[in-house]
Amino acid sequence: MKQPNWKSVVELFGIGAIVASLVFVGLELRQSQNIAVAQLFQENTNVRLAVDDLLIQNADLIAKSNRKDELTPDEDIALRAVLDSVYSQSFFGTASWRTISDNDAFSRGPAVVFFRLLKENPGLRRAWSTYRLGIERDWELFGMNVSIVKAYNDNIEQQLSKSERKSD
């Protein structure tokens, strides 16, 4: 029986080291992805808490708009600010959700919060119809990719239409 020469042993050891390092890198990537997902869930939770706090602080204003009471100019601005804040959190949160999720980001992500808010608050729903056109126009003015915003807004509208048909 021949003794293995040192060159073969060193090559075998090198191949083993390369395989071990690839396994290590794979485990590190998986861990990094898990950390990113956990951070996204934490961020989503923080956003939902902030949105809930904003809605609680403006509950009287939202209730007034739901009753179709006349809003003062200041109240109208405040209502649009609430809508803008919730919309922005929802839109950008959904975009973040899509980066790590293979699932439908609309049905499972932050967009659900915005959709439910519009569905449950007719005053915000009415404000949304004009706000939507403004946000799309603003994106066009700033040279942004408006198709992303339009697709997101269309999805919101489709979900609202579906829910209205179901309740009829």
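Values for this structure:
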read-out: Residue within segment 45-55 that is part of a helix (DSSP H, G or I), surrounded by 17 or more Cβ atoms within 10 Å (Cβ to Cβ) and touching a Phe, Trp or Tyr at 6+ places or on another chain (Cβ under 8 Å) present; value: no
read-out: Residue in segment 152-161 that is among the hydroxyl-bearing types (S, T, Y), modelled with pLDDT under 85 and surrounded by fewer than 11 Cβ atoms within 10 Å (Cβ to Cβ) present; value: no
read-out: Qualifying positions in segment 3-55 - hydroxyl-bearing (S, T, Y) and farther than 26 Å from T94 by Cα; value: S8, S21
read-out: Residue match in segment 4-12 (condition: modelled with pLDDT of 90 or more and either farther than 30 Å from F114 by Cβ or not in a helix (DSSP H, G or I) (or both)); value: no
read-out: Out of V113, V86, sole residue that is at pLDDT 75 or above, over 22 Å from R67 (Cβ atoms) and either surrounded by 14 or more Cβ atoms within 10 Å (Cβ to Cβ) or of a type in the set (S, T, N, Q) (or both); value: V113
read-out: Hits in segment 128-151 - residues which are surrounded by 10 or more Cβ atoms within 10 Å (Cβ to Cβ), out of contact with any helix residue (DSSP H, G or I) (no Cβ under 6 Å at 6 or more places or on another chain) and among the hydrophobic types (A, V, I, L, M, F, W, C); value: L133, I135, M144, I148, A151
read-out: Contacts under 9 angstrom Cβ, first residue in segment 136-158 being farther than 14 Å from S90 by Cα, partner basic (K, R), 6 or more apart; value: E136/K150; W139/K150; V146/R137; E157/R132
read-out: Segment 118-127, residues that are in a helix (DSSP H, G or I), in contact with a helix residue (DSSP H, G or I) (Cβ under 6 Å, 6 or more places away or on another chain) and either in contact (Cβ under 8 Å) with a residue 40 or more places away in the chain or loosely packed, with under 15 Cβ neighbours inside 10 Å (or both); value: L118, K119, P122, G123, L124, A127
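Quick grid of which residues meet (1) surrounded by 11 or more Cβ atoms within 10 Å (Cβ to Cβ); (2) at pLDDT below 90; (3) in a loop (DSSP other than H, G, I, E, B); (4) not charged (D, E, K, R):
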{"residue": "I35", "(1), (2), (3), (4)": "no, yes, no, yes"}
{"residue": "D60", "(1), (2), (3), (4)": "no, no, no, no"}
{"residue": "D74", "(1), (2), (3), (4)": "no, no, no, no"}
{"residue": "A81", "(1), (2), (3), (4)": "yes, no, no, yes"}
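The values are calculated or read from the model by the stated rules, or taken from the named source; none is laboratory data. Predicted model, so just to flag it, every value in this text is computed and none were measured. Cβ coordinates were reconstructed from backbone atoms using ideal geometry, including for glycine residues, and neighbour counts include every protein chain displayed.
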